[in-house]
């Protein structure tokens with residue numbers, strides 16, 4: 001179990017403020033945030049490259065804040081993998097065992113097992129210079145995992161790979177995580193990648209934690225507008241809220257009225273609606289749904305859905321997940337859109 | 001696009017021109033030697049050619065090729081020994097310092113950068129002059145007096161002046177080399193349980209090997225070729241009788257402060273032009289070989 005308590009650090013343009021995060025044993029945690037949010041600095045504080053200004057890093061109950069990296073026993077796969085260029089793949093993987101003076105026969109056996117697990121046994125005599133991105137990633141993973149660290153830190157492990165490899169290697173990471181029952185902390189900037197691997201996600205913004213929770217929690221109840229935006233809620237509308245019981249009624253600036261049970265708010269607000277929460281056509285759903293007439297302005301087929309741009313007096317983006325050949329729409333068609341009250345996320349806005 | 005290509009052509013043409021000029025110069029040195037491989041005739045005896053008490057102005061028969069002259073071999077000895085000692089000290093000081101400077105920002109970094117870079121481009125005679133002033137006046141001179149040692153115009157002074165110049169040369173290469181080695185190599189190595197020293201030794205140092213060797217070669221060549229600085233700071237010969245040198249120094253013929261570059265100038269000054277040319281040819285050959293070695297390093301990562 002890794003606990004990070006009130007961690008703050010200043011590094012020129014990068015700063016972390018009061019980070020508090022705990023990662024349970026066997027958990028796959030993803031730290032998600034845009035470039036410059038301080039994700040890499042957080043990882044480097046856990047590795048021990050930087051000493052935080054305040055706060056503590058606790059690994060399995062031991063305070064390691066003042067320990068050198070070599071005394072912390074955390075695995076580290078940096079962004080560019082940093083494979084040792086002067087050693088073969090096998091020597092790279094063996095490095096951690098040799099650094100810890102493991103017996104020679106033991107080293108050979110464990111290196112063999114690790115390379116078999118990751119499917120890189122055939123690369124043992126190659127130099128890192130000649131490996132592909134996916135191969136490099138596996139070697140870096142093997143090198144970090146061979147010492148059985150208490151936690152594995154992965155800094156943007158999939159960023160350097162091309163699109164096709166990415167989902168395959170994300171599944172591979174999950175498999176390794178399951179096989180070894182490890183505790184993983186994975187840093188990335190893509191919500192889709194996060195959704196592929198994470199048990200829980202910590203979303204960072206400008207050196208602070210914006211929200212920590214499961215993917216479902218983040219999708220259902222984003223903590224603020226930034227989280228909503230980062231988790232791909234595409235529709236943001238300004239309006240004025242009026243409290244009704246536990247929910248509210250929002251009069252949008254264009255005139256139409258939206259119902260929401262997200263929270264009781266009064267005053268100026270921004271409303272976020274996910275594209276897949278906008279139902280197209282069909283009968284208006286019961287349970288406080290809001291409906292508008294709209295016109296289709298653009299249709300963009302994507303691999304998993306069809307993206308439909310609408311004009312309802314204001315622009316909207318909806319996702320149609322019905323199979324191709326289902327209800328076919330064309331640009332200019334009039335259509336009714338429905339939004340359930342649960343799908344309308346409301347965030348107070350400074351006027 | 002076209003203009004940048006024609007600019008590139010101009011640069012290449014200039015590079016060829018300079019190469020041809022250098023080739024002609026060194027060929028001429030060689031040809032003039034080939035004609036005079038055994039230059040018979042008069043040789044003006046200089047103080048540097050025999051014991052320090054020899055009368056100047058005496059003329060004797062030139063025995064044969066320059067390699068028959070004991071003074072030549074003494075000069076070679078002196079050059080090789082001082083340049084090697086210098087390179088050793090430069091590596092000892094310069095490699096760790098370069099590593100530290102490439103990994104950490106230190107106070108006064110700009111001053112260090114400017115000083116070291118200017119030592120490379122300054123006329124080395126002015127570097128020698130600076131050293132002379134430092135060692136002749138002020139606190140360092142007081143220290144010398146108290147310790148009873150006096151550095152300028154002695155054998156160690158050759159190493160001192162060479163050290164300043166070859167340290168600047170070597171460190172410019174080593175700093176660039178270490179700056180080019182990903183610091184994450186060490187971070188990962190340490191996260192795997194290596195101490196910072198072991199991480200440096202097993203990962204950073206091997207990754208920087210090529211650059212370190214190139215820096216060593218450049219530092220050695222710079223030291224061996226040093227002329228102006230030595231002339232200023234060490235003079236052309238030691239102002240001490242032969243007997244005051246240790247048997248080892250005498251055995252190595254180190255009692256004269258005339259490394260090859262200085263010897264070359266002295267010989268030409270005394271009118272032994274062919275002899276001076278011959279030394280010049282040796283110096284050109286050594287420099288060309290060392291630069292060629294660095295080229296091979298760049299291509300394949302090893303020298304031989």
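The values are calculated or read from the model by the stated rules, or taken from the named source; none is laboratory data. Owing to the predicted nature of the structure, the values given are computational and were not obtained by experimental measurement. Note that each Cβ is placed from the backbone with ideal geometry, even for glycine, and that neighbours are counted across all protein chains shown.
Listed here are the residues, each with its yes/no results for (1) modelled with pLDDT under 90; (2) surrounded by fewer than 19 Cβ atoms within 10 Å (Cβ to Cβ); (3) in contact with a strand residue (DSSP E or B) (Cβ under 9 Å, 6 or more places away or on another chain).
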| residue | (1), (2), (3) |
| --- | --- |
| A:27 | no, yes, yes |
| A:35 | yes, yes, no |
| A:44 | no, no, yes |
| A:61 | yes, yes, yes |
| A:98 | no, yes, no |
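If you take the residues in the range A:80-103 that are more than 8 Å from every other protein chain (Cβ to nearest Cβ), assigned to a loop (DSSP other than H, G, I, E, B) and under 29 Å from the mean Cα position of the chain (by Cα), which one is nearest to residue A:123 (Cα to Cα)?
By that ranking, first place goes to A:83.
Can you say whether residue B:92 is more than 24 Å from residue B:282 (Cα to Cα) and assigned to a helix (DSSP H, G or I), as far as the supplied structure shows?
Considered against the rule, which asks whether it is more than 24 Å from residue B:282 (Cα to Cα) and assigned to a helix (DSSP H, G or I), residue B:92 comes out as yes.
Can you name the residue in the range B:187-211 that is in a loop (DSSP other than H, G, I, E, B) and either without any contact (Cβ under 8 Å) to a residue 12 or more places away in the chain or touching a strand residue (DSSP E or B) at 6+ places or on another chain (Cβ under 7 Å) (or both) and is also farthest from the other protein chains (Cβ to nearest Cβ) among such residues?
Filtering first and then ranking leaves B:195.
Give, as residue ranges, the helices (runs of 4 or more DSSP H) completely inside the range A:123-237 that count at least 3 residues that are within 14 Å of another protein chain (Cβ to nearest Cβ).
A:133-145
Tell me the residue from A:65, A:35 that is touching a residue at least 24 places away in the same chain (Cβ under 8 Å) and out of contact with any helix residue (DSSP H, G or I) (no Cβ under 7 Å at 6 or more places or on another chain), please.
Only one candidate qualifies: A:35.
Mind telling me which of the residues B:176, B:219 ends up being at pLDDT 90 or above, out of contact with any strand residue (DSSP E or B) (no Cβ under 6 Å at 6 or more places or on another chain), assigned to a helix (DSSP H, G or I) and surrounded by fewer than 19 Cβ atoms within 10 Å (Cβ to Cβ)?
Step by step, each of B:176, B:219 is checked, and only B:176 is at pLDDT 90 or above, out of contact with any strand residue (DSSP E or B) (no Cβ under 6 Å at 6 or more places or on another chain), assigned to a helix (DSSP H, G or I) and surrounded by fewer than 19 Cβ atoms within 10 Å (Cβ to Cβ).
Go through (1) under 19 Å from residue B:125 (Cα atoms); (2) outside any loop (DSSP other than H, G, I, E, B); (3) modelled with pLDDT of 80 or more one by one and return the number of the condition residue B:266 breaks.
(3)
Here are some conditions: (1) more than 7 Å from chain A (Cβ to nearest Cβ); (2) without any contact (Cβ under 8 Å) to a residue 12 or more places away in the chain. Residue B:215 meets all but one. Which one does it not meet?
Among (1) more than 7 Å from chain A (Cβ to nearest Cβ); (2) without any contact (Cβ under 8 Å) to a residue 12 or more places away in the chain, the lone unmet condition for residue B:215 is (2).
Just checking, does the range B:141-160 include any residue being away from chain A (no Cβ under 14 Å), out of contact with any strand residue (DSSP E or B) (no Cβ under 8 Å at 6 or more places or on another chain), under 20 Å from residue B:95 (Cβ atoms) and touching a residue at least 24 places away in the same chain (Cβ under 8 Å)?
Yes; the residues of the range B:141-160 include at least one that is away from chain A (no Cβ under 14 Å), out of contact with any strand residue (DSSP E or B) (no Cβ under 8 Å at 6 or more places or on another chain), under 20 Å from residue B:95 (Cβ atoms) and touching a residue at least 24 places away in the same chain (Cβ under 8 Å).
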